[in-house]
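The values are calculated or read from the model by the stated rules, or taken from the named source; none is laboratory data. Just so it is clear, the model here is predicted, and its values are computed rather than measured. In this analysis, Cβ positions are derived from the backbone assuming ideal geometry, glycine residues included, and neighbour counts consider all displayed protein chains.
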Amino acid sequence: MNNSSICVSSFFECDLEQGLILKEKLHKSFIGYIINGHHKEIDKICELVIQCQSSLLLENFTKNINDKDTANNNELNQGFIIHQWSLEKLKEVLSTPEALLVCIADIENNKLAGYLLFASLKYLYEDISSQLGELILDNNVITEQQWKQHVSTIGVHYIKQIGVDKDYHRQGVGTHLIILSQKQSSQGLCALVLLSPYYNSASANCLEKNQFQPIGIWKKNTPEESVPFKAKLFIWPFTKSII
C-alpha cells in the first residue's frame, strides 16, 4: 500500500457504530486508536498492520548473521516477529467478539508507528498447545491454582502480538500501546515473549517496564539435535492478592 498520497489517520476516523472504540491524543504527533473487526476500513487498517509487521520479520534480521552473533545483534535486540499474518488470518482473529486492535498513527509523518493485537485467551492456549509443549510455572511466584484463577477471570485477554516500526524504536510507542490495551482490558492481560532460539529482549523489557510479571516458561521439546524453543509467560496485573 502506498501511503504517500493518503492520510493514514483518516482510515481510523469514524464513530462507535463504525468500529472505532477509542481515540486518544498522545505525545508528539501520535494518536492512539482502538478498533474492532467491524471497523468500516478494516481491510486498509489490516494492510497497514501487515506492512509494519513485514519489516520486523526475524528472517530479515538474520539472513547475514551467524548464529553466534544473533544475541549481540543490535537490530534484533530492538524487537522482531517470527511469522507474518495473512490479511485473512488477521481479519479472522479480529472477527471474534473479544479481539481489538490498538494502533498508533504518527500524523506528522503520515505513518503507522505501531500496533498491538489482543484477543481471547483461546489464542494463548492455541499458541502453547502441543503434545511436545510444556508450561512450567515459577512456583516461587505463582501456583498452578493461582494461574488457573487468573485465566478464568472474565475479561482477561491475550496480547497476541506487539509491533513497533523500526523508525519508532525507543520513542515510547510500545509503552503507549500497552497502556492503551491495559485501559481497555483492565481485568488482565497475558503475553508470551520468545527466549530461545532468539531472545526478544525489547518486548520483555517493555512488558516489565509496564508492570507485567514473568511467571513461567513455555517450552517446546525438540529432538536433541535441534535448538529448543522457549517463551517467557507474563501476566498483568500482578498484585499481592494473586499470591
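Scan segment 24-35 and tell me whether some residue there is modelled with pLDDT under 95 and of a type in the set (Phe, Trp, Tyr). No. The selection criterion, being in contact with a Pro (Cβ under 7 Å, 6 or more places away or on another chain) and on the phi < 0 side of the Ramachandran plot, does not hold for SER185. Restricting the first member to segment 1-13 and to residues that are at pLDDT 55 or above, and the second to residues that are part of a loop (DSSP other than H, G, I, E, B), the beta-carbon pairs closer than 6 Å and six or more apart or on different chains are VAL8/ASN110; SER9/ILE107; PHE11/GLU41.
A count restricted to segment 186-209 and to residues that are over 17 Å from ILE128 (Cα atoms) and buried (at least 19 other Cβ atoms within 10 Å of the Cβ) stands at 8. Of all residues in segment 166-180, those satisfying the criterion of being on the phi < 0 side of the Ramachandran plot and either in a loop (DSSP other than H, G, I, E, B) or not small (Gly, Ala, Ser) (or both) are LYS166, ASP167, TYR168, HIS169, GLN171, VAL173, THR175, HIS176, LEU177, ILE178, ILE179, LEU180. Residues of segment 213-235 include at least one that is modelled with pLDDT under 95, of a type in the set (Asp, Glu) and within 30 Å of ASN60 (Cβ to Cβ). Considering (1) touching a residue at least 12 places away in the same chain (Cβ under 8 Å); (2) more than 17 Å from the chain's Cα centre (by Cα), the lone condition that ILE34 does not fulfil carries the number (2). Among the residues of segment 181-210, those identified as within 16 Å of GLN161 (Cβ to Cβ), in a helix (DSSP H, G or I) and hydroxyl-bearing (Ser, Thr, Tyr) are SER181, SER203.
Taking (1) closer than 29 Å to PRO197 by Cβ; (2) surrounded by fewer than 19 Cβ atoms within 10 Å (Cβ to Cβ); (3) of a type outside the set (Lys, Arg); (4) modelled with pLDDT under 95 in turn, LEU137 satisfies each apart from (4). Within segment 37-56, the set of residues being under 14 Å from SER95 (Cα atoms) and either not aliphatic (A, V, I, L, M) or not in a helix (DSSP H, G or I) (or both) comprises GLY37, HIS38, HIS39, LYS40, GLU41, ASP43, CYS46. Among the residues of segment 154-185, the one identified as more than 23 Å from ILE128 (Cα to Cα) and aromatic (Phe, Trp, Tyr) is TYR168. Answer yes if at least one residue in segment 170-181 is in contact with a Gly (Cβ under 9 Å, 6 or more places away or on another chain), loosely packed, with under 14 Cβ neighbours inside 10 Å, at pLDDT below 95 and over 17 Å from TYR115 (Cβ atoms), and no otherwise. No, segment 170-181 contains no residue that is in contact with a Gly (Cβ under 9 Å, 6 or more places away or on another chain), loosely packed, with under 14 Cβ neighbours inside 10 Å, at pLDDT below 95 and over 17 Å from TYR115 (Cβ atoms). Within segment 139-153, the set of residues being in a loop (DSSP other than H, G, I, E, B) and within 13 Å of GLY216 (Cα to Cα) comprises ASN139, ASN140, VAL141, ILE142, THR143.
Any residue that is part of a loop (DSSP other than H, G, I, E, B) and either aromatic (Phe, Trp, Tyr) or touching an Asp or Glu at 6+ places or on another chain (Cβ under 6 Å) (or both) - is there at least one of those in segment 104-121? Yes: segment 104-121 contains one or more residues that are part of a loop (DSSP other than H, G, I, E, B) and either aromatic (Phe, Trp, Tyr) or touching an Asp or Glu at 6+ places or on another chain (Cβ under 6 Å) (or both).
For the residues GLU59, GLU92, the requirement of being surrounded by fewer than 21 Cβ atoms within 10 Å (Cβ to Cβ), modelled with pLDDT of 85 or more and assigned to a helix (DSSP H, G or I) singles out GLU92.
Selection over segment 146-165 of residues that are more than 24 Å from SER120 (Cβ to Cβ) and surrounded by fewer than 15 Cβ atoms within 10 Å (Cβ to Cβ) gives a count of 0.
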